Structure formats: structure tokens, C-alpha cells
Amino acid sequence: MANDAVKLEVRDGLAILTLANPDKNRLNRAVLDGLKVALPRLGADEVRAVYLKGQGPVFSFGADVKEMFVDSSREQLSQVLTQYLDFIGALEALPKPTVAAVHGACSSGGLELALGFDYLWAAAGTKIGFMETSLAIPPLAGGVQRIAARAGSARALEIASAGRMYDAEQFERWNIVHRVLPAEELHREAEAFALKLAAGPTRAYAAVKSLLRTHERSGVAAADRIRSEEHTSELQSHHDL
């Protein structure tokens, strides 16, 4: 268990993270601390996949605006955002598959957290979007570029600027959400999928993620090069097994 705001359970190789902040799972320092405490366990060898969900009627309404923007200095806010981005970056760098399942509402910082996962599933009718422009600020924790990676820059500009919530079904059509399921099926099916990934070929998943990250940073040729360099040693490794 990470702390009261973030629960952690490891079962059959799957680390299950649950946002459990009673205030609509808003992201505050307690949630951030819970995520940071959980991170070393997520990287442990016994964990082969990671699954994130939210407790209660919504996945997350985003940042605790009062704590983050009213009660914090600019320096404190900058430190919190840096820590939050560091967690998302570390999550994306994990050489294992990660799955997030969102329901009810997934807004602003909550969406940015969910976008750090390889797979994003949603309950039908879930409201998803960035509301930062209503505060006259842009999304601050990497959401714009992660939407662009999935759906293109034009769509990221639209979503980040709109200051509104969209249906999960629309995000699925835009290739931001992978699957939309009936609310009563979401967590059962998403956890079953995550458990299947946890039982799967971990090295192959890690190789696929490495290729995609290299492609995102440097393009097709760079991804081809790393695959060519690693190909022989991986074949030898399989032969030795």
C-alpha cells in the first residue's frame, strides 16, 4: 500500500494502483506522494504489468486547484509539477506494459496521468478533457504533447484549447482512448487484460515500447537502427533458452 490516497496491490505479477482521494480523486500532494512511494515497487522484477483505476464515482477531476494554485507559491507549484512529470516519465520508461481504466470523469491532470499509460480504456459516457483554459493557463503536465503523439498536433490544439469535456467515444474515434466498454464491464475487463499482459512475453513488450519511444524521439530510421543492433543478441538469447 502506498498511502491512504493511493492504494497499491500486487497480484499475479500485476501491480494495481487505485486513486483513493475522497475529493473526486483530485490530484494533490498526498496523491503525488503516494505515486512516488509506489514507483520503486512498480519497477520491481515481480511486477510484470501495471494497472491504474480510480475509486468512487469518477476517475479524477484533475488537480486540487486550491492547494496547487491558491495555497502554493510559484516555486512550490513548479516543484510539484516537476515531480508529477518525473513520475509520468518514469512510468513511460518502465519496460513493461501499463494500463489505465477511467470512468465517470477524467479531467486535466487526471487525463495527463492516464496518458502516461500505454493503454487507455474508458467506460462508456466518461467525460474526458482539459479544463485549464478556464483558468487562463495551458495544461501543465505534458498532456498536450501526449495527445499529439496519439492523435496529431491539430487535434491536440483543439482539445487543449477548448476548455470542455468530450465523450470517451469521441476520444476513441480520435485514437486517444483504445477501448470503450459499458461501465459495469470496464474494470473487470481491463483488469483481465492487464493480467493477461502480466503473464505475457515481457521482453517482447519491452522491445516494442523501446521501438516506439525511439520512433517518437528520432523517427523510423533510428528505430530501425536500434532493432538491427539488438536483433542478433536477442536471437542468440532465445536460442540459449
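The values are calculated or read from the model by the stated rules, or taken from the named source; none is laboratory data. Worth saying up front: this structure is predicted, and the values here are computed from it rather than measured. FYI the Cβ positions are ideal-geometry reconstructions off the backbone, even for glycines, and counts take in every protein chain you see. The protein model used for the area step is the full one, side chains on, heavy atoms only, and it has no ligands, DNA or RNA in it. Shrake-Rupley method; radii C 1.70, N 1.55, O 1.52, S 1.80 Å.
Roughly speaking, to the nearest percent, how much of the chain's 1.4 Å accessible area is carbon and sulfur?
Values: 6430 of 11780 Å².
That fraction is 55 percent.
Summarising the label geometry, the points placed 7 Å from Cα in the beta-carbon direction at Lys66 and Val208 lie 4.4 nm from one another. Taking the average, over residues, of other Cβ atoms within 10 Å as the packing measure, peptides 55-62, 16-23, 4-11 rank 55-62, 16-23, 4-11 from highest down. Relative to the longest principal axis of the Cα atoms of the chain, helix 29-42 runs at roughly 10 degrees. Our summary of shape: the Cα atoms of the chain have principal axis extents of 58, 40, 38 Å, ordered from largest down, in whole angstrom.
When the convex hull of the C-alpha atoms of the stretch 38-126 is computed, what volume per residue in Å³ does it have?
Output value, Cα hull per residue: 99 Å³.
Restricting to the chain, compute how many DSSP beta bridges are antiparallel as a %, nearest 5.
Antiparallel: roughly 30 percent of the beta bridges in the chain.
With the convex hull of the Cα atoms taken as the outline of the stretch 74-168, the averaged projected area works out to 6.1 nm².
Using only Cα atoms and rounding to the nearest 10 degrees, what angle (0 to 90) does helix 74-93 make with the longest principal axis of the chain? That helix lies at roughly 30 degrees to the long axis.
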